[in-house]
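The values are calculated or read from the model by the stated rules, or taken from the named source; none is laboratory data. The structure presented is a predicted model; accordingly, all values stated were derived computationally and were not measured. Reconstructed Cβ throughout: ideal geometry from the backbone, glycine too, with neighbour counts over all protein chains shown. These accessible areas exclude ligands, DNA and RNA; they are computed on the full protein's heavy atoms, side chains included. Shrake-Rupley method; radii C 1.70, N 1.55, O 1.52, S 1.80 Å.
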Amino acid sequence: MTELKLSESRDLTRIERVGAHSHIRGLGLDSSLQPRDVSEGMVGQVNARKSAGIILQMIKEGIIAGRAVLLAGQPGTGKTAIAMGMAKSLGLETPFAMIAGSELFSLEMSKTEALTQAFRKAIGVRIKEETEVIEGEVVEVQIDRPAVSGAAAKTGKLTLKSTEMETVYDLGAKMIEAIGKEKVTSGDVIAIDKASGKITKLGRSFSRSRDFDAMGPQVKFVQCPDGELQKRKEVVHCVSLHEIDVINSRTQGFLALFTGDTGEIRAEVREQIDTKVAEWKEEGKAEIVPGVLFIDEIHMLDIECFSFLNRALENEMSPILIVATNRGFTTIRGTNNKSAHGIPVDLLDRLLIIKTDPYTEDEIHKILDIRCQEEDVDMSEGAKHLLTKIGVETSLRYAINLITAAALACQKRKGKTVELEDINRVYNLFLDVKRSTQYLMEYQSQYMFSETGEVDEDDANAMFW
């Protein structure tokens, strides 16, 4: 009889792809906002991280709106990493919207509408409402299933208790289904929302902690609820202004959020929503949470977008704006004028500018060490030192890209640890920008539409940067 081989099943929800900044967990600051040397995936950039920490504190307090910050530095100096660190440090409660400057020109809507939507994605509304909740420890669950399927609906009884009382509830088909879905058993402490019928499992009662010899690490033990079973609780919902706009502007309502087909939203709809949110704020039902809008490649915006940003930052409902660029003196898009970072002077004047410095050799070594751990690559110290030298001479991004390539070369030779020979092999296989430019200068006459004029060393360096 042949042996059946079962394929290994994996929980898809837990699979995370390793990205360029997936190792970033925060800004790596201590309680006094002083940057640690290596912490939460961040290395170096001490002054930039300290500045970002002060901005972060300002965002968390949520008092000041319409401030803008510019992260300026050479390519590969950690500008996006700092923005990602700020996003992780803020947590899920504070809205963080992220777009690239070039995105605005590829969307099927006007540039100002795309910017308005991005701004409103970064402004959260914390809506408070009171709801009736039944909270107690499950004593017994009885579900009567009919003998013949389909003959009659399932019926059941649920016995709940608190420290003061015990009550039996009759269950309908919807509640039976919800109990089965949540895998509710006797000894669980649950909360039932009376309005929606939603069941939330809070944990397992301490009195039933010895029911089983072994428990999984995810089992949480809680006290049996005291007082009455039925209570009034304040529930807080966090939504962005953009989500409220979409729900109120489209016929299909919130489904447009999933399809992405938000389209242009009329100004009248936004005005009505702003008025309603202001009313809720006055009544104490809602709270405005100014979040963060991060625009990468800010130099890609044109003069119309910059004018819009100037006006938008003056609005009291404006989020904190963080922008990043790797350009020096360059032409402002849509004009013939040059300016620092390709940003008009009137907008530059509003920005708090944080500069990022090139990484030192020691910092590059630490970053490569963190990336090896993140990509689950075992590399020898000699190979790491060689990769650090390559990172110093070429670029950090090129060195990081060689990690996985070297790991695959190591697998090919049936090795366990990446050695010097693997780094040498991939270094010869994949060119960096400098070597690629030198190759082009040598063989440019053999390429299509190449210019036959001589290219001097200064031009070659300009091509590199």
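Taking the stretch 181-197 as the region of interest, how many residues are of a type outside the set (S, T, N, Q) and surrounded by fewer than 13 Cβ atoms within 10 Å (Cβ to Cβ)?
Matching residues across the stretch 181-197 total 5.
Scan the stretch 340-365 and report the pairs whose first residue is without any contact (Cβ under 8 Å) to a residue 24 or more places away in the chain and in a strand (DSSP E or B) and whose second residue is of a type in the set (A, V, I, L, M, F, W, C) and open to solvent by 40 Å² or more (accessible area, probe 1.4 Å), with Cβ atoms within less than 7 Å and a gap of 6+ or a chain change.
ALA340/PHE329
One residue is enough: does the stretch 397-405 have a residue meeting the conditions open to solvent by 70 Å² or more (accessible area, probe 1.4 Å), in contact (Cβ under 8 Å) with a residue 12 or more places away in the chain and basic (Lys, Arg)?
The answer is yes; a qualifying residue exists.
Among (1) open to solvent by 10 Å² or more (accessible area, probe 1.4 Å); (2) out of contact with any His (no Cβ under 6 Å at 6 or more places or on another chain), which single condition is SER318 missing?
It fails just one condition, (1).
Within the set of pairs 6 or more residues apart or between chains, which connect a residue that is closer than 15 Å to ALA122 by Cβ inside the stretch 286-305 to a residue that is of a type in the set (Phe, Trp, Tyr) and surrounded by 18 or more Cβ atoms within 10 Å (Cβ to Cβ) with Cβ atoms less than 8 Å apart?
Listed pairs, sorted by first residue: GLY291/PHE96; VAL292/PHE96; LEU293/PHE119; PHE294/PHE96.
List the residue pairs whose Cβ atoms are under 6 Å apart, where the first residue sits in the stretch 76-100 and is part of a helix (DSSP H, G or I), the second is surrounded by fewer than 21 Cβ atoms within 10 Å (Cβ to Cβ), and the two are 6 or more positions apart or on different chains.
If the second residue must be surrounded by fewer than 21 Cβ atoms within 10 Å (Cβ to Cβ), the pairs left are LYS79/GLY73; ALA81/HIS21; MET84/HIS21; GLY85/GLY26; LYS88/ARG25; LYS88/GLY26; SER89/GLY26.
Determine if the stretch 413-432 includes at least one residue that is assigned to a helix (DSSP H, G or I), of a type in the set (S, T, N, Q), at pLDDT 90 or above and touching a helix residue (DSSP H, G or I) at 6+ places or on another chain (Cβ under 7 Å).
Taking every residue of the stretch 413-432 in turn, none turns out to be assigned to a helix (DSSP H, G or I), of a type in the set (S, T, N, Q), at pLDDT 90 or above and touching a helix residue (DSSP H, G or I) at 6+ places or on another chain (Cβ under 7 Å).
Just one of ILE82, ILE55, ILE99 is open to solvent by 10 Å² or more (accessible area, probe 1.4 Å) and within 17 Å of the chain's Cα centre (by Cα); which is it?
Exactly one of ILE82, ILE55, ILE99 is open to solvent by 10 Å² or more (accessible area, probe 1.4 Å) and within 17 Å of the chain's Cα centre (by Cα), namely ILE99.
Going residue by residue through the stretch 3-14, is there one that turns out to be within 26 Å of ILE367 (Cα to Cα), modelled with pLDDT under 85 and open to solvent by 40 Å² or more (accessible area, probe 1.4 Å)?
So far as the stretch 3-14 goes, yes, one or more of its residues are within 26 Å of ILE367 (Cα to Cα), modelled with pLDDT under 85 and open to solvent by 40 Å² or more (accessible area, probe 1.4 Å).
Condition first: outside any loop (DSSP other than H, G, I, E, B) and open to solvent by 80 Å² or more (accessible area, probe 1.4 Å). Now tell me which residues in the stretch 149-180 satisfy that.
Once the filter is applied, which keeps residues that are outside any loop (DSSP other than H, G, I, E, B) and open to solvent by 80 Å² or more (accessible area, probe 1.4 Å), the stretch 149-180 yields LYS157, GLU166, VAL168, ASP170, LYS174, GLU177.
The conditions are (1) open to solvent by 60 Å² or more (accessible area, probe 1.4 Å); (2) among the aliphatic types (A, V, I, L, M); (3) closer than 30 Å to LEU313 by Cβ, and VAL125 fails exactly one of them. Which is it?
Just one mismatch for VAL125, condition (1).
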